[in-house]
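A.B. asks: Right, I'll just put the structure down here and ask away after.
The values are calculated or read from the model by the stated rules, or taken from the named source; none is laboratory data. Owing to the predicted nature of the structure, the values given are computational and were not obtained by experimental measurement. Virtual Cβ from ideal backbone geometry, glycine too; neighbours counted across all protein chains shown. For accessibility, only protein heavy atoms count, side chains too; no ligands or nucleic acids. Shrake-Rupley method; radii C 1.70, N 1.55, O 1.52, S 1.80 Å.
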Amino acid sequence: MGRAYTSSKGGFNRVAWTPHEDKRLTNYISIHGPGKWERLAKELGLNRCGKSCRLRWLNYLRPGIKRGNFSKDEEDLITRLHKLLGNKWSQIAGRLPGRTDNKIKNHWNTYLAKKAKELHFMTLPRLHMEKECPASSTGEKTGEQDTQLVNEAM
DNA sequence: AAAGAAATCAACCGCGGCACC
DNA sequence: CGGTGCCGCGGTTGATTTCTT
C-alpha cells in the first residue's frame, strides 16, 4: 500500500506524497478551489511545483475517483473509444466517470494494447490494417464529429 | 523457494496552446 | 503585435507488486 520510495537517483527527485502534504493540498483546495497551481504551490510552501500539485489533485485526491480494477464494460468502452480517438486520454477519461486519464493510459499501455492487438488478429484477420490514427492524415476532426462518433460507440 | 518477467501505479518531463500583459 | 508564463496533455520513466517458470 504505502509506498516508500528510496529514490534519489542521479539528481532526479521522484518523491512520493506524504499524507501530510496531501492534507495540506486538500485543505487548501477546499478553501480556494482548484487552479492557480503556481500560486498554490508557492503559498503552500511545499517543495513541489504547481504541476506536481495539480497532478496529485487530479489523479488522486480529487473526490469521486474510482479505485479498483476496470470492469469488463469499462475495458470495452476504452477499447472502442481508443479506436475512435487514438491516444486522446483526457477525452476518453471524460467518458468514464471517476477514471483518470493517467490510469486509463497506464492500463492501456500495459494491458489493453496487447489485448486489442490479439483480438484484432483473431477476429478480424482479413481487414486491412487501419492506420493508427485515421483522423490525423487529413488534419483534425472537429469536436462535433468526435462527439457524434463517440456517442455512436457508446 | 528463488529469480526473472510482466503488470501496475504514481510521478516526472517537454511541448504546444492560450491568456494576459 | 510580440513576448512571457501558466496549464493541460501525452509520452515516458522508475519503483513496487504480482505472476511465472
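A.B. asks: Six or more apart or on different chains, Cβ atoms under 6 Å: show the pairs whose first residue is in the range A:35-64 and exposed (fewer than 14 other Cβ atoms within 10 Å of the Cβ) and whose second is not charged (D, E, K, R).
C.D. replies: Close Cβ pairs satisfying both conditions: A:Glu38/A:Gly50; A:Cys49/A:Ala41; A:Asn59/A:Thr100; A:Asn59/A:Asn102; A:Gly64/A:Gly98.
A.B. asks: Considering only residues that are part of a helix (DSSP H, G or I) and of a type in the set (Gly, Ala, Ser), which ones fall in the range A:34-54?
C.D. replies: Within the range A:34-54, A:Ala41, A:Gly50, A:Ser52 meet the criteria.
A.B. asks: Just give me the residues in the range A:83-103 being more than 21 Å from A:Leu55 (Cα to Cα), open to solvent by less than 30 Å² (accessible area, probe 1.4 Å) and in a helix (DSSP H, G or I), in sequence order.
C.D. replies: If we filter the range A:83-103 for residues that are more than 21 Å from A:Leu55 (Cα to Cα), which is where we start, we get A:83-86.
Those still in the list that are open to solvent by less than 30 Å² (accessible area, probe 1.4 Å) too: A:85-86.
Once the filter is applied, which keeps residues that are more than 21 Å from A:Leu55 (Cα to Cα), open to solvent by less than 30 Å² (accessible area, probe 1.4 Å) and in a helix (DSSP H, G or I), the range A:83-103 yields only A:Leu85.
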